[in-house]
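In what follows, a single structure is set out as structure tokens and then discussed.
The values are calculated or read from the model by the stated rules, or taken from the named source; none is laboratory data. Given the structure is predicted, the values throughout are model-derived calculations rather than measurements. With ideal geometry, Cβ positions are generated from the backbone for all residues, glycine too; neighbour counts draw on all protein chains shown.
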Amino acid sequence: MGRLQAIVVALGSAGRSENRQIRALGAPGGSMAPVDALKGLMAGARRIVAFTGAGISTESGIPDFRSPGGIWTRYRPIEFGDFLASEEMRRESWRRKLATDATLRNATPNAGHRALARLVEEGKMIAIITQNVDGLHQASGVPAEKVIELHGNSTYAACLDCQRRHEIEWVRRVFADNETLPICTACGGIIKTATVSFGQSMPETAMERARVAALQADLMIALGSSLVVFPAAGFPIMAKRNGATYVIVNREPTEQDEIADLVIHAEIGATMSRAVGLN
């Protein structure tokens, strides 16, 4: 029995005595529409935490990395060790980033992002744990200290030695000169997009902040995530095991639907706008 399967079995056994209701949007059964149920859960919660994945940003026109048109369908991921060891791999990494950056630069927050921003503004949502690297939660008005970026942020670059921030447009100008690799203006170190690459350690500070937020939550809402990428996908499970009500909003079924208290299979923007009252 795998790790997730074992957790599902354990939580499923406990949940049968709690009269859990798992419903898809528009499905028959239940005493109220799922969006109304979500609205009621949010009204009664004091410490809501969101866990967001690529699905919330696809509604802003950013392809899921794994979906058709996503970067992983066109390029083999560059391992962190290869990036460090090879100047050519670093050049290829910057070629890819600068070639695809227009999609990210042109993306704007959608209704799902704005709904979460409203909950933060109202003091209901204490944190947003995100797998995304697009910075759209901050662009929607959520204070940066409320956003926990597990996989970093691709809207800027950082020195791997001293962590000094460098803007992508500066990198673009440097690289335009015969593909010159950017180096840190402070210490001469290697510069990389401020994201977590394959083979790179997860950020300890962000992981600890996410753990604390998950344990504080009385309502965890996972939005737009397949919930299969660990260790990130473990935070909603952690919240559930600690007593939080667990809601999943996603267009497709997820690996964790069976342990959630409410599941809504629908567009995130429309669902959250109705639940929050933005319409």
Condition check: among the hydrophobic types (A, V, I, L, M, F, W, C) and in contact with a Leu (Cβ under 6 Å, 6 or more places away or on another chain). Does Ala275 satisfy that? yes
Report every pair of residues separated by at least 6 positions or lying on different chains whose Cβ atoms are under 6 Å apart, first residue within region 219-231 and closer than 14 Å to Glu258 by Cα, second of a type in the set (Gly, Ala, Ser). Leu227/Ala233
Return yes when Gly234 is within 28 Å of Arg76 (Cα to Cα) and either buried (at least 23 other Cβ atoms within 10 Å of the Cβ) or of a type in the set (D, E, K, R) (or both) and no when it is not. no
Tell me yes or no: at least one residue of region 167-186 is within 29 Å of Trp94 (Cβ to Cβ), in contact (Cβ under 8 Å) with a residue 12 or more places away in the chain, in the same structural domain as Gly44 (by TED's automatic domain parsing) and not polar (S, T, N, Q). no
(1) touching a Ser or Thr at 6+ places or on another chain (Cβ under 8 Å); (2) touching a residue at least 24 places away in the same chain (Cβ under 8 Å) all hold for Leu98 apart from (1)
Could you list all residues from region 237-249 that are closer than 20 Å to Pro34 by Cβ, touching a residue at least 40 places away in the same chain (Cβ under 8 Å) and either of a type in the set (Val, Ile, Thr) or crowded, with 24+ Cβ neighbours inside 10 Å (or both)? Ala239, Thr245, Val247, Val249
So, in region 208-236, of the ones that are under 15 Å from the mean Cα position of the chain (by Cα) and in a helix (DSSP H, G or I), which residue ends up farthest from Ile129 (Cα to Cα)? Gly234
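Rundown of residues vs (1) touching a strand residue (DSSP E or B) at 6+ places or on another chain (Cβ under 8 Å); (2) touching a residue at least 12 places away in the same chain (Cβ under 8 Å); (3) of a type in the set (Lys, Arg), yes/no style:
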site	(1), (2), (3)
Leu84	yes, yes, no
Pro109	no, yes, no
Gly123	no, no, no
Ala144	no, no, no
Glu149	yes, yes, no
Could you list all residues from region 187-202 that are touching a strand residue (DSSP E or B) at 6+ places or on another chain (Cβ under 7 Å) and assigned to a loop (DSSP other than H, G, I, E, B)? Cys187, Gly189, Val196
Picked from region 128-165 (must be among the polar types (S, T, N, Q) and assigned to a loop (DSSP other than H, G, I, E, B)), the residue surrounded by the most Cβ atoms within 10 Å (Cβ to Cβ) is Asn132
Region 106-122: number of residues that are out of contact with any Lys or Arg (no Cβ under 9 Å at 6 or more places or on another chain) and within 14 Å of Arg46 (Cα to Cα): 3
Within region 106-136, how many residues are among the small types (Gly, Ala, Ser) and either touching a Phe, Trp or Tyr at 6+ places or on another chain (Cβ under 9 Å) or over 15 Å from Leu223 (Cα atoms) (or both)? 3
Can you work out which of the residues in region 34-85 that are in a loop (DSSP other than H, G, I, E, B) and of a type in the set (S, T, N, Q) is modelled with the lowest pLDDT? Ser67
Just to be sure I understand the filter: pairs with C-beta atoms under 6 Å, separated by 6 or more residues or on different chains, first member in region 253-279 and under 14 Å from Ser225 (Cβ atoms) and touching a residue at least 40 places away in the same chain (Cβ under 8 Å), second member outside any loop (DSSP other than H, G, I, E, B) and of a type in the set (Asp, Glu). Which pairs pass? Val263/Asp257
All conditions in (1) under 23 Å from Leu116 (Cα atoms); (2) at pLDDT 95 or above; (3) surrounded by fewer than 17 Cβ atoms within 10 Å (Cβ to Cβ) are true of Glu252 except (2)
